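Report on one structure; see the data block that follows.
The values are calculated or read from the model by the stated rules, or taken from the named source; none is laboratory data. This structure is a prediction, so every number in the text was calculated from the model and none was measured. Cβ sites come from the backbone with ideal geometry, for glycine too, and all protein chains shown count toward neighbours. Surface areas here come from the heavy atoms of the whole protein model, side chains and all, with no ligands, DNA or RNA. Shrake-Rupley method; radii C 1.70, N 1.55, O 1.52, S 1.80 Å.
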Amino acid sequence: MTAPLAVFFVLAALAVIGAVSLILQKHPIHSALSLIVVMVALAGLYLLLGAEFVAAVQIIVYGGAIMVLFVFVIMLLNAGVEERTSLSKMAGAPGLLLVVALAGFVAATIAKSTESVHAAPQTGEIASTSGISNMLFKDFVYPFELTSFLILVAVLGAVVLAQREKS
Amino acid sequence: MVPTNYYVILSAILFGLGMFAFIFKRNIITIFMSIELMLNAVNLAFVAFSQALGKVDGQVFVLFVIVVAAAEAAVGLGIIILIARNRQTLNVERVDLLKL
């Protein structure tokens, strides 16, 4: 087994364990910490794939900003242990069936298309940060400007939603 | 070189786990976190295909997905705070005003 493959399996196991832990933990703050483990493992996988910029953004935005927001809200609302209620009829057998069907469909599609994706020769410069910024500011400049508008709307929405109503 | 298939299979596993958590968890914050898990799984597939095809497009899309996820987290957590304030609970079973 080569070194990249070993690193891949370690990081993949870490990500899957974190995701399973997110499901099994009863307390939301434990789930949030499990999700941070998944995100750091995914950042490692991005580094392995040669996407340094995406790995850095993953750590800074996901691991830093978004998860801090989650932990902050959990502490603000003083969220306790998840209370057990009987599952609704929709979430019981049909939900499990849906998950299994989706997993089977995805697995079958991947198994069928094994040969269709050939690993391209590693070109170090094409996936570099300058390549990304060239594409972002030339080909995708309108979507990029639209995302700034989206963030503005989201900030306004969050402020309006979370402010105390005057009564 | 790690085969691209491995990355896509890992992405599918993570997406399935996220969907499982989305359906079976009862805490609204945990449900929100499982959505983030699914978005991360899709991001992994994007980057893996971007590397396999030797194009940068996939990584640019990942940046857009992260931006949308950040905006979604801000608005969604605002809604969660409102629900917690009005209903005094975080359990989705008890947020049932639209139910007959």
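At 222 nm, what helix-only mean residue ellipticity would chain B give, in deg cm²/dmol to the nearest 500, using -39500 (n - 2.57) for each DSSP H run of four or more?
Numbers: 3 runs with 78 residues, N = 100.
Computed ellipticity for chain B at 222 nm equals -28000 deg cm²/dmol.
Carbon-plus-sulfur accessible fraction, the protein assembly as shown (probe radius 1.4 Å, protein heavy atoms only): 74%. Applied to the stretch A:6-17, the Karplus parametrisation 6.51 cos²θ - 1.76 cosθ + 1.60 on θ = phi - 60° returns per-residue 3J(HN,Hα) values of 5, 4, 4, 5, 4, 5, 5, 4, 4, 5, 5, 4 Hz, with x for Gly and Pro.
Multiplying the residue separation of A:Glu52 and A:Ile29 by 0.36 nm and subtracting their alpha-carbon distance yields 5.4 nm. Would you mind checking the tilt of helix B:28-53 against the longest principal axis of the Cα atoms of chain B, expressed as 0 to 90 degrees and rounded to 10? The angle comes out near 10 degrees. Placing +1 on each Lys and Arg Cβ and -1 on each Asp and Glu Cβ, with no other charges, gives chain B a dipole about its Cα centre of roughly 320 debye. Per-residue ellipticity at 222 nm, computed for chain A from helices alone with -39500 (n - 2.57) per DSSP H run of at least four residues, works out to -22000 deg cm²/dmol.
For B:Lys55, the aspartates and glutamates whose Cα falls under 17 Å of its own Cα, not counting residues fewer than eight places away in the same chain, are A:Glu52, A:Glu125, A:Asp139. Within a straight-line Cα-Cα reach of under 19 Å, A:Lys26 can be paired with the following aspartates and glutamates, leaving aside sequence neighbours fewer than 8 residues apart in one chain: A:Glu82, A:Glu83, B:Glu36, B:Glu93. Listed by chain and number, the aspartates and glutamates whose C-alpha is less than 17 Å from the C-alpha of A:Lys112, apart from same-chain residues fewer than 8 away, amount to an empty set. Across the stretch B:15-23, rounded Karplus estimates of 3J(HN,Hα) from the backbone phi angles (6.51 cos²θ - 1.76 cosθ + 1.60, θ = phi - 60°) give 5, x, 5, x, 5, 4, 5, 4, 7 Hz, Gly and Pro being marked x.
Charge dipole (Cα centre; +1 on Lys/Arg Cβ, -1 on Asp/Glu Cβ; no other charges) of chain A amounts to roughly 500 debye.
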